[in-house]
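The values are calculated or read from the model by the stated rules, or taken from the named source; none is laboratory data. It should be emphasised that the depicted structure is a prediction, and the values quoted were computed from it without experimental measurement. Glycine gets a Cβ as well: all are built from the backbone with ideal geometry, and neighbour counts include every protein chain shown.
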Amino acid sequence: MSIERRRFLQTGASAVVALLAQGCARPLETSTSRHEAPLLGFGQVAPTLSDTITLPPEYTHQVLYPWGTPTGVAGNMPAFLPDATNGAADQAVQAGMHHDGMHFFPLGAASGLLVMNHEYTDERLLHADGVDRWTEEKVRKSLHAMGVSVIEIERDAQGRWTQVLPSPYARRIHGRTPIRLSGPAAGTPLMRTTADPGGTQVFGTFANCAMGVTPWGTYLTCEENFHGYFGGPKADAVRADAAQRRYGTVAGRQWVEYWRFDERFDVTRHPNEPNRFGWVVEIDPFDPDSTPVKRTALGRKRQESATCTLTRDGRVAVYMGDDTTFEYIYKFVSRDRVRPGQDAAARAANRDLLDHGTLHAARFDADGRGRWIELVHGRGGVG
(Lines give C-alpha, C1' and ligand atoms only; values in the text may rest on other atoms or scores of the structure.)
Protein backbone atom coordinates (compact mmCIF):
# COMPACT_ATOMS: atom_id res chain seq x y z
CA MET A 1 0.00 0.00 0.00
CA SER A 2 1.59 3.25 -1.08
CA ILE A 3 0.89 6.52 0.73
CA GLU A 4 1.17 9.67 -1.34
CA ARG A 5 3.18 12.39 0.45
CA ARG A 6 0.65 15.19 0.06
CA ARG A 7 -2.06 12.98 1.51
CA PHE A 8 0.18 12.15 4.47
CA LEU A 9 0.80 15.78 5.26
CA GLN A 10 -2.87 16.69 4.97
CA THR A 11 -4.26 13.93 7.13
CA GLY A 12 -1.46 13.75 9.66
CA ALA A 13 0.43 10.76 10.88
CA SER A 14 -2.33 9.59 13.23
CA ALA A 15 -4.88 9.43 10.43
CA VAL A 16 -2.49 7.49 8.24
CA VAL A 17 -1.89 4.97 11.02
CA ALA A 18 -5.66 4.52 11.30
CA LEU A 19 -5.91 3.95 7.56
CA LEU A 20 -3.15 1.36 7.67
CA ALA A 21 -4.97 -0.45 10.45
CA GLN A 22 -8.03 -0.77 8.22
CA GLY A 23 -6.06 -2.88 5.77
CA CYS A 24 -5.51 -2.54 2.06
CA ALA A 25 -9.02 -3.01 0.68
CA ARG A 26 -8.65 -0.03 -1.65
CA PRO A 27 -5.93 2.45 -2.54
CA LEU A 28 -5.92 5.97 -1.18
CA GLU A 29 -7.10 8.75 -3.41
CA THR A 30 -4.26 10.77 -4.87
CA SER A 31 -4.00 14.32 -6.12
CA THR A 32 -4.51 13.01 -9.66
CA SER A 33 -8.02 11.75 -8.84
CA ARG A 34 -9.46 14.96 -7.42
CA HIS A 35 -8.77 18.67 -7.19
CA GLU A 36 -6.83 19.73 -4.10
CA ALA A 37 -6.05 23.19 -2.79
CA PRO A 38 -2.36 24.06 -2.30
CA LEU A 39 -1.18 22.37 0.86
CA LEU A 40 1.06 25.08 2.31
CA GLY A 41 -0.38 28.23 0.78
CA PHE A 42 2.81 29.72 -0.65
CA GLY A 43 5.08 29.25 -3.61
CA GLN A 44 7.83 26.70 -3.86
CA VAL A 45 11.47 27.52 -3.18
CA ALA A 46 13.97 26.17 -5.66
CA PRO A 47 16.99 24.24 -4.35
CA THR A 48 20.01 26.48 -3.88
CA LEU A 49 23.55 26.37 -2.54
CA SER A 50 23.68 30.13 -2.04
CA ASP A 51 24.72 31.36 1.40
CA THR A 52 21.69 33.60 1.79
CA ILE A 53 18.11 33.64 3.03
CA THR A 54 15.80 32.19 0.39
CA LEU A 55 12.05 32.77 0.74
CA PRO A 56 8.92 32.19 -1.35
CA PRO A 57 7.97 35.23 -3.47
CA GLU A 58 5.08 36.04 -1.10
CA TYR A 59 7.47 36.74 1.77
CA THR A 60 10.18 39.21 2.73
CA HIS A 61 12.60 39.27 5.64
CA GLN A 62 14.38 41.81 7.77
CA VAL A 63 17.16 41.60 10.34
CA LEU A 64 15.99 42.43 13.84
CA TYR A 65 18.15 42.49 16.97
CA PRO A 66 21.37 40.78 15.85
CA TRP A 67 24.19 40.08 18.29
CA GLY A 68 25.47 43.24 19.96
CA THR A 69 22.36 45.37 19.40
CA PRO A 70 21.49 47.44 22.48
CA THR A 71 18.68 45.79 24.42
CA GLY A 72 17.07 49.14 25.09
CA VAL A 73 17.77 49.78 28.77
CA ALA A 74 17.33 53.52 29.30
CA GLY A 75 20.63 55.33 29.79
CA ASN A 76 22.67 52.22 29.00
CA MET A 77 22.67 51.50 25.28
CA PRO A 78 26.30 51.04 24.14
CA ALA A 79 26.77 50.74 20.39
CA PHE A 80 28.00 47.46 18.95
CA LEU A 81 31.67 47.55 17.94
CA PRO A 82 32.35 45.20 14.98
CA ASP A 83 35.94 44.64 16.11
CA ALA A 84 34.62 42.87 19.25
CA THR A 85 36.11 45.44 21.63
CA ASN A 86 32.86 45.86 23.58
CA GLY A 87 33.60 44.83 27.14
CA ALA A 88 31.68 42.57 29.48
CA ALA A 89 29.66 45.49 30.86
CA ASP A 90 28.51 46.41 27.35
CA GLN A 91 27.59 42.82 26.52
CA ALA A 92 25.38 42.67 29.61
CA VAL A 93 22.97 45.15 27.97
CA GLN A 94 23.34 44.01 24.36
CA ALA A 95 21.89 41.13 22.35
CA GLY A 96 23.57 37.85 23.15
CA MET A 97 24.85 35.33 20.62
CA HIS A 98 23.12 32.52 18.77
CA HIS A 99 19.43 33.29 19.23
CA ASP A 100 17.30 30.23 19.84
CA GLY A 101 13.81 29.71 21.25
CA MET A 102 11.66 32.85 21.33
CA HIS A 103 8.11 34.08 21.81
CA PHE A 104 6.13 37.24 21.04
CA PHE A 105 3.95 38.65 23.83
CA PRO A 106 1.49 41.24 22.43
CA LEU A 107 1.17 44.62 24.10
CA GLY A 108 -1.28 46.05 21.58
CA ALA A 109 -2.43 45.64 18.00
CA ALA A 110 0.97 46.55 16.58
CA SER A 111 3.47 46.16 19.40
CA GLY A 112 4.73 43.61 21.86
CA LEU A 113 7.62 42.04 23.70
CA LEU A 114 9.95 39.68 21.88
CA VAL A 115 11.63 37.35 24.35
CA MET A 116 14.44 35.14 23.08
CA ASN A 117 17.13 32.75 24.23
CA HIS A 118 20.85 33.08 23.51
CA GLU A 119 22.11 29.52 23.61
CA TYR A 120 25.88 29.58 23.25
CA THR A 121 28.86 31.68 22.24
CA ASP A 122 31.35 31.75 19.41
CA GLU A 123 34.32 32.75 21.50
CA ARG A 124 36.60 33.55 18.55
CA LEU A 125 34.13 36.17 17.35
CA LEU A 126 33.17 37.38 20.81
CA HIS A 127 36.66 38.54 21.81
CA ALA A 128 38.96 40.83 19.85
CA ASP A 129 41.95 38.51 20.31
CA GLY A 130 40.08 35.21 20.24
CA VAL A 131 40.60 32.58 22.91
CA ASP A 132 44.35 32.02 22.86
CA ARG A 133 44.48 33.74 26.23
CA TRP A 134 41.57 33.59 28.68
CA THR A 135 41.00 36.36 31.24
CA GLU A 136 38.40 37.12 33.90
CA GLU A 137 36.97 39.82 31.63
CA LYS A 138 36.51 37.31 28.81
CA VAL A 139 34.73 34.89 31.13
CA ARG A 140 32.33 37.63 32.18
CA LYS A 141 31.68 38.73 28.62
CA SER A 142 31.07 35.15 27.57
CA LEU A 143 28.55 34.63 30.38
CA HIS A 144 26.83 37.89 29.46
CA ALA A 145 26.48 36.75 25.83
CA MET A 146 24.19 33.86 26.83
CA GLY A 147 20.82 33.84 28.56
CA VAL A 148 17.67 35.71 27.57
CA SER A 149 16.69 39.07 26.06
CA VAL A 150 13.41 40.93 26.54
CA ILE A 151 12.94 43.65 23.94
CA GLU A 152 10.00 45.76 22.83
CA ILE A 153 9.14 45.94 19.13
CA GLU A 154 6.47 47.72 17.10
CA ARG A 155 5.12 47.49 13.56
CA ASP A 156 4.69 50.53 11.31
CA ALA A 157 2.03 51.17 8.67
CA GLN A 158 4.15 49.41 6.04
CA GLY A 159 4.34 46.27 8.15
CA ARG A 160 7.98 46.68 9.09
CA TRP A 161 9.06 45.88 12.64
CA THR A 162 11.45 48.09 14.60
CA GLN A 163 12.87 47.88 18.09
CA VAL A 164 11.64 50.42 20.64
CA LEU A 165 14.66 52.23 22.13
CA PRO A 166 14.66 52.75 25.03
CA SER A 167 11.90 50.60 26.47
CA PRO A 168 10.70 50.23 30.08
CA TYR A 169 10.49 46.47 29.47
CA ALA A 170 13.99 46.03 28.04
CA ARG A 171 16.06 43.54 29.97
CA ARG A 172 18.96 41.10 29.71
CA ILE A 173 19.06 37.99 31.87
CA HIS A 174 22.44 36.31 31.52
CA GLY A 175 25.00 34.01 33.09
CA ARG A 176 25.56 36.29 36.09
CA THR A 177 22.01 37.49 36.82
CA PRO A 178 20.73 36.72 40.35
CA ILE A 179 18.10 33.97 40.12
CA ARG A 180 16.00 32.28 42.78
CA LEU A 181 15.82 28.51 43.22
CA SER A 182 12.39 27.17 44.15
CA GLY A 183 10.58 23.87 44.45
CA PRO A 184 11.59 20.59 46.09
CA ALA A 185 15.33 20.77 45.32
CA ALA A 186 15.80 24.30 46.64
CA GLY A 187 17.68 24.40 49.92
CA THR A 188 18.66 20.73 49.84
CA PRO A 189 22.28 19.74 50.61
CA LEU A 190 23.16 19.15 46.94
CA MET A 191 22.17 22.74 46.10
CA ARG A 192 24.24 24.40 48.82
CA THR A 193 27.57 26.02 48.02
CA THR A 194 30.16 28.10 49.81
CA ALA A 195 28.73 31.26 48.25
CA ASP A 196 25.13 30.18 48.89
CA PRO A 197 24.94 28.05 52.05
CA GLY A 198 21.14 28.21 51.94
CA GLY A 199 20.94 26.68 48.47
CA THR A 200 18.25 29.08 47.27
CA GLN A 201 20.08 31.68 45.17
CA VAL A 202 22.21 31.21 42.08
CA PHE A 203 24.00 33.49 39.66
CA GLY A 204 22.94 33.05 36.09
CA THR A 205 21.28 31.02 33.42
CA PHE A 206 23.08 29.94 30.26
CA ALA A 207 22.99 27.35 27.47
CA ASN A 208 19.39 28.44 26.91
CA CYS A 209 17.91 26.40 24.08
CA ALA A 210 14.18 25.82 23.61
CA MET A 211 11.42 27.49 25.58
CA GLY A 212 7.78 27.48 26.58
CA VAL A 213 5.01 29.87 27.54
CA THR A 214 2.73 29.37 30.52
CA PRO A 215 -1.06 29.86 30.29
CA TRP A 216 -0.67 32.88 32.58
CA GLY A 217 1.79 34.64 30.29
CA THR A 218 5.28 33.97 31.62
CA TYR A 219 8.28 32.72 29.66
CA LEU A 220 10.05 29.44 30.34
CA THR A 221 13.67 29.14 29.23
CA CYS A 222 15.45 25.79 29.19
CA GLU A 223 19.05 25.24 30.30
CA GLU A 224 20.40 22.59 27.95
CA ASN A 225 24.14 22.03 27.45
CA PHE A 226 25.23 23.59 30.73
CA HIS A 227 27.74 20.81 31.38
CA GLY A 228 30.34 22.14 28.94
CA TYR A 229 31.00 25.25 31.02
CA PHE A 230 32.08 23.42 34.18
CA GLY A 231 35.49 21.80 34.41
CA GLY A 232 38.87 21.72 36.01
CA PRO A 233 42.27 20.05 35.63
CA LYS A 234 42.04 16.88 33.57
CA ALA A 235 43.78 14.94 36.33
CA ASP A 236 40.77 15.55 38.57
CA ALA A 237 38.48 13.54 36.28
CA VAL A 238 39.09 10.45 38.41
CA ARG A 239 37.23 12.14 41.27
CA ALA A 240 33.97 12.43 39.32
CA ASP A 241 31.06 10.57 40.87
CA ALA A 242 28.29 8.75 39.01
CA ALA A 243 25.98 11.78 38.88
CA GLN A 244 28.71 14.02 37.46
CA ARG A 245 29.49 11.45 34.79
CA ARG A 246 25.81 11.10 33.91
CA TYR A 247 25.43 14.85 33.44
CA GLY A 248 28.87 15.34 31.89
CA THR A 249 30.24 17.77 34.47
CA VAL A 250 33.65 16.13 34.62
CA ALA A 251 36.97 17.97 35.02
CA GLY A 252 38.94 18.09 31.80
CA ARG A 253 35.90 17.82 29.52
CA GLN A 254 34.99 21.52 29.59
CA TRP A 255 34.50 23.53 26.38
CA VAL A 256 35.78 26.80 27.85
CA GLU A 257 38.22 27.71 30.60
CA TYR A 258 35.84 29.49 32.97
CA TRP A 259 37.12 27.51 35.95
CA ARG A 260 40.53 29.18 35.81
CA PHE A 261 39.08 32.65 36.47
CA ASP A 262 35.73 32.00 38.17
CA GLU A 263 36.18 29.28 40.76
CA ARG A 264 32.50 28.34 40.96
CA PHE A 265 32.99 26.57 37.62
CA ASP A 266 35.70 24.32 39.11
CA VAL A 267 33.86 21.05 39.76
CA THR A 268 36.54 19.83 42.16
CA ARG A 269 36.42 22.87 44.42
CA HIS A 270 32.66 23.44 44.10
CA PRO A 271 31.02 20.14 43.12
CA ASN A 272 27.50 21.37 43.90
CA GLU A 273 27.57 24.40 41.62
CA PRO A 274 26.66 22.41 38.46
CA ASN A 275 23.62 21.02 40.31
CA ARG A 276 22.15 24.52 40.17
CA PHE A 277 21.95 24.37 36.37
CA GLY A 278 19.92 22.21 34.03
CA TRP A 279 16.55 23.62 35.07
CA VAL A 280 13.54 25.34 33.55
CA VAL A 281 13.64 29.04 34.44
CA GLU A 282 10.43 31.09 34.67
CA ILE A 283 10.61 34.78 33.70
CA ASP A 284 7.90 37.45 33.86
CA PRO A 285 8.58 39.54 30.73
CA PHE A 286 6.13 42.25 31.77
CA ASP A 287 7.92 43.04 35.05
CA PRO A 288 11.56 44.05 34.48
CA ASP A 289 12.15 44.13 38.24
CA SER A 290 11.01 40.56 38.85
CA THR A 291 13.53 37.87 39.80
CA PRO A 292 13.72 34.85 37.47
CA VAL A 293 13.01 31.52 39.17
CA LYS A 294 14.46 28.07 38.50
CA ARG A 295 11.53 25.66 38.94
CA THR A 296 13.13 22.49 40.28
CA ALA A 297 9.86 20.53 40.43
CA LEU A 298 10.15 20.20 36.64
CA GLY A 299 13.31 18.14 37.01
CA ARG A 300 16.97 18.58 36.16
CA LYS A 301 18.22 17.50 32.76
CA ARG A 302 19.62 18.93 29.55
CA GLN A 303 16.35 20.72 29.06
CA GLU A 304 14.83 20.83 25.59
CA SER A 305 11.46 22.57 25.45
CA ALA A 306 8.82 23.21 28.10
CA THR A 307 5.56 23.10 26.18
CA CYS A 308 2.51 23.91 28.28
CA THR A 309 -1.12 22.90 27.96
CA LEU A 310 -4.12 22.69 30.27
CA THR A 311 -5.51 19.41 31.53
CA ARG A 312 -9.24 18.73 31.40
CA ASP A 313 -9.58 19.77 35.04
CA GLY A 314 -7.69 23.04 34.60
CA ARG A 315 -4.20 22.16 35.78
CA VAL A 316 -1.08 22.88 33.75
CA ALA A 317 0.91 20.13 32.07
CA VAL A 318 4.46 20.86 30.92
CA TYR A 319 6.09 18.56 28.36
CA MET A 320 9.90 18.42 28.26
CA GLY A 321 12.71 16.42 26.75
CA ASP A 322 16.28 15.60 27.77
CA ASP A 323 18.34 16.39 24.68
CA THR A 324 20.95 13.72 25.32
CA THR A 325 21.40 10.32 23.71
CA PHE A 326 19.26 7.59 25.30
CA GLU A 327 17.54 9.96 27.72
CA TYR A 328 13.83 10.57 28.23
CA ILE A 329 10.68 12.59 27.61
CA TYR A 330 9.00 14.08 30.67
CA LYS A 331 5.66 15.51 31.74
CA PHE A 332 4.97 17.66 34.79
CA VAL A 333 1.38 18.10 36.00
CA SER A 334 0.68 20.78 38.58
CA ARG A 335 -1.08 19.97 41.82
CA ASP A 336 -3.28 23.04 41.66
CA ARG A 337 -5.52 24.50 38.99
CA VAL A 338 -4.55 27.50 36.89
CA ARG A 339 -6.28 30.79 37.52
CA PRO A 340 -7.36 31.91 34.01
CA GLY A 341 -5.97 35.07 32.45
CA GLN A 342 -2.65 36.63 31.53
CA ASP A 343 -2.86 39.92 33.40
CA ALA A 344 -0.77 40.87 36.42
CA ALA A 345 -3.34 39.42 38.81
CA ALA A 346 -3.30 36.04 37.05
CA ARG A 347 0.49 35.95 36.97
CA ALA A 348 0.56 36.69 40.70
CA ALA A 349 -2.05 34.04 41.48
CA ASN A 350 -0.13 31.40 39.51
CA ARG A 351 3.29 32.49 40.73
CA ASP A 352 4.09 29.26 42.60
CA LEU A 353 2.05 26.83 40.51
CA LEU A 354 5.13 25.18 39.01
CA ASP A 355 6.56 24.41 42.45
CA HIS A 356 3.99 21.75 43.29
CA GLY A 357 3.02 18.78 41.17
CA THR A 358 4.12 15.43 39.82
CA LEU A 359 6.88 14.71 37.33
CA HIS A 360 6.48 11.76 34.96
CA ALA A 361 8.78 9.97 32.52
CA ALA A 362 7.47 8.45 29.31
CA ARG A 363 7.90 4.73 28.72
CA PHE A 364 7.63 3.48 25.13
CA ASP A 365 7.06 -0.24 24.64
CA ALA A 366 8.03 -2.39 21.67
CA ASP A 367 4.39 -2.91 20.68
CA GLY A 368 3.96 0.81 20.02
CA ARG A 369 2.19 1.53 23.27
CA GLY A 370 3.46 3.54 26.19
CA ARG A 371 2.60 5.02 29.54
CA TRP A 372 3.62 7.77 31.91
CA ILE A 373 5.58 6.68 34.99
CA GLU A 374 5.27 8.87 38.08
CA LEU A 375 8.64 9.94 39.46
CA VAL A 376 7.68 10.08 43.11
CA HIS A 377 9.99 9.02 45.94
CA GLY A 378 8.92 5.69 47.36
CA ARG A 379 6.86 4.68 44.33
CA GLY A 380 7.72 2.38 41.46
CA GLY A 381 11.30 1.92 42.55
CA VAL A 382 12.12 5.64 42.74
CA GLY A 383 14.50 6.08 45.67
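So which pairs qualify, if the first residue must be in region 56-78 and surrounded by 10 or more Cβ atoms within 10 Å (Cβ to Cβ), the second must be part of a loop (DSSP other than H, G, I, E, B) and aromatic (Phe, Trp, Tyr), the Cβ gap must be under 6 Å, and the two must be at least 6 apart or on different chains?
Partner pairs satisfying both residue conditions: Pro56/Phe42; Gly68/Phe80.
Residues in region 363-372: is at least one under 22 Å from the mean Cα position of the chain (by Cα) and charged (D, E, K, R)?
no
Inspect all residues belonging to region 310-320 and state whether any of them is part of a strand (DSSP E or B), buried (at least 18 other Cβ atoms within 10 Å of the Cβ) and either within 15 Å of the chain's Cα centre (by Cα) or without any contact (Cβ under 8 Å) to a residue 12 or more places away in the chain (or both).
yes
When you check Val139 against the structure, is it assigned by TED's automatic domain parsing to the domain that holds Thr291, within 23 Å of Ala89 (Cβ to Cβ) and assigned to a strand (DSSP E or B), yes or no?
Working: assigned by TED's automatic domain parsing to the domain that holds Thr291: yes; within 23 Å of Ala89 (Cβ to Cβ): yes; assigned to a strand (DSSP E or B): no.
It is false that Val139 is assigned by TED's automatic domain parsing to the domain that holds Thr291, within 23 Å of Ala89 (Cβ to Cβ) and assigned to a strand (DSSP E or B).
Inside region 156-268, counting only strands (runs of 3 or more DSSP E) that do not spill past its ends, which hold 3 or more residues that are more than 28 Å from Tyr319 (Cβ to Cβ) and more than 21 Å from the chain's Cα centre (by Cα)?
161-163
In region 103-128, how many residues are in contact (Cβ under 8 Å) with a residue 40 or more places away in the chain, closer than 27 Å to Gly159 by Cβ and more than 21 Å from the chain's Cα centre (by Cα)?
Of the residues in region 103-128, 3 are in contact (Cβ under 8 Å) with a residue 40 or more places away in the chain, closer than 27 Å to Gly159 by Cβ and more than 21 Å from the chain's Cα centre (by Cα).
Taking the condition of being touching a strand residue (DSSP E or B) at 6+ places or on another chain (Cβ under 9 Å) and part of a loop (DSSP other than H, G, I, E, B), how many residues in region 61-97 meet it?
21
Does Phe261 satisfy the criteria of being out of contact with any strand residue (DSSP E or B) (no Cβ under 8 Å at 6 or more places or on another chain), more than 21 Å from Phe332 (Cβ to Cβ) and aromatic (Phe, Trp, Tyr)?
Details: out of contact with any strand residue (DSSP E or B) (no Cβ under 8 Å at 6 or more places or on another chain): yes; more than 21 Å from Phe332 (Cβ to Cβ): yes; aromatic (Phe, Trp, Tyr): yes.
Judged against the criteria, Phe261 is a match.
Of the residues that sit in region 301-345 and are in contact with a His (Cβ under 8 Å, 6 or more places away or on another chain) and not hydroxyl-bearing (Ser, Thr, Tyr), which one is nearest to His227 (Cα to Cα)?
Among residues in region 301-345 that are in contact with a His (Cβ under 8 Å, 6 or more places away or on another chain) and not hydroxyl-bearing (Ser, Thr, Tyr), the one nearest to His227 (Cα to Cα) is Arg302.
Return yes or no: is Arg351 without any contact (Cβ under 8 Å) to a residue 60 or more places away in the chain, buried (at least 16 other Cβ atoms within 10 Å of the Cβ) and assigned to a loop (DSSP other than H, G, I, E, B)? So that I can check it myself, show each step before the final result.
Working: without any contact (Cβ under 8 Å) to a residue 60 or more places away in the chain: yes; buried (at least 16 other Cβ atoms within 10 Å of the Cβ): yes; assigned to a loop (DSSP other than H, G, I, E, B): yes.
Spelling it out, Arg351 is indeed without any contact (Cβ under 8 Å) to a residue 60 or more places away in the chain, buried (at least 16 other Cβ atoms within 10 Å of the Cβ) and assigned to a loop (DSSP other than H, G, I, E, B).
Any idea which residue in region 248-296 is farthest from Gly228 (Cα to Cα), counting only those that are surrounded by fewer than 18 Cβ atoms within 10 Å (Cβ to Cβ) and among the β-branched types (Val, Ile, Thr)?
Thr291
I'm checking my understanding of the structure. Among residues of region 321-331 that are out of contact with any Cys (no Cβ under 8 Å at 6 or more places or on another chain) and part of a loop (DSSP other than H, G, I, E, B), which one is nearest to Gly341 (Cα to Cα)?
Of everything passing the filter in region 321-331, Tyr328 is nearest to Gly341 (Cα to Cα).
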